[in-house]
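Working notes, structure below.
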Amino acid sequence: MSSPPPQNPPTCSPPLSPPAARARALAAAEERARAMASSAGQTLSGAGAGAATVQADPLPFHRIINTQLTGRNGYVVAHEAMKTLLQIAENILAHPSEAKYKSVKLSNPTIKKKILEPEGAVDYLVLMGFRRGVQAFVETYLFPTSPSPTSLSSLRTGASVLSRHLTEVAQRRERADRMEVEEREAEASRKVRALLAARDDRDAVRARAEREAWVNRVREERRARGEDVDAEVRVEEAGGGDCE
């Protein structure tokens, strides 16, 4: 009877390095944002074909804020990310001809903390019209130098939605900060009470030990005088203290 052929052991892919993992996460965020924008489509508004303007659908922006930015990061992180996104958008809208406002360098520590790390922030950036590329050998998110009406509409809509949400998120963050302070104060108060209780316990133990020492001393003195050792010991006999 022939033995079964040897089986190759299962192979596992090696873990991704941090840069590779980040690149994959950014690519996934871009794909999600593109799919969201594509499914939402664009609408036209205006009196006629010549006056028509592109109007981006705000629903995908609301969805990212509700389900990702505030839904998965917490209000403190979400608030910082949203403020940064709004600043990026407003800088471009206020200075449309200045290229420096249209690039977001991934190496920037603020961008790393407030855009790359919070879930949904990159999705939002891509939905506003930014695309990943390389500028001066630095990985960067770029807004088009000569943006189309669609790109400008996405940017304006993204900024408008951020502005509408920021007030509520700021209020929720303030409440979260206040609750955190109250929790820290309550914890500090609990520690103080625990220390005071421990000190009171030590004082009580010391008082009982002193009382027992006094009682024992009085009994020894009685024994030396031939008196009744088991008679009640009065405070005056013990020389003071808390014993009765």
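The values are calculated or read from the model by the stated rules, or taken from the named source; none is laboratory data. None of the values given here were measured: they were computed from a predicted structure. For neighbour counting, all protein chains shown are included, and Cβ atoms are generated from backbone atoms with ideal geometry for every residue, glycine included. Accessible surface areas use protein heavy atoms only, side chains included; no ligands, DNA or RNA. Shrake-Rupley method; radii C 1.70, N 1.55, O 1.52, S 1.80 Å.
Beta bridges assigned by DSSP with both partners in the stretch 64-193 are antiparallel in approximately 100 percent of cases. Listed by chain and number, the lysines whose alpha-carbon sits under 22 Å from that of K114, ignoring those within fewer than 8 places in the same chain, are K83, K100, K102, K105. Note on V76 and V192: with the Förster distance fixed at 25 Å, the Cβ-Cβ geometry gives a FRET efficiency of about 0.35.
So which GluC sites (Glu not before Pro) in the stretch 54-131 pass both tests, a DSSP loop state and at most 14 other Cβ atoms within 10 Å of the Cβ? Loop-located and lightly packed - E98. With one equal scatterer per alpha carbon and no solvent term, the Debye-computed log10 I(q)/I(0) for the stretch 79-132 at 0.19, 0.31 1/Å reads -0.61, -1.44. Surface composition of the stretch 64-118: carbon and sulfur make up 48 percent of the accessible area, probe 1.4 Å. Applied to the stretch 184-194, the Karplus parametrisation 6.51 cos²θ - 1.76 cosθ + 1.60 on θ = phi - 60° returns per-residue 3J(HN,Hα) values of 5, 5, 5, 5, 5, 5, 4, 5, 5, 4, 5 Hz, with x for Gly and Pro.
Could you give the accessible area per residue of the stretch 55-163, probe 1.4 Å, as a whole number in Å²? Don't skip to the answer; put the middle values down first.
Values: 5010 Å² over 109 residues.
Result: 46 Å² per residue.
Of the solvent-accessible surface of the stretch 175-220, computed with a 1.4 Å probe and all protein chains present, 53% belongs to carbon and sulfur.
For F130, no residue 5 or more places off, or on another chain, has a built amide H under 5 Å of its own.
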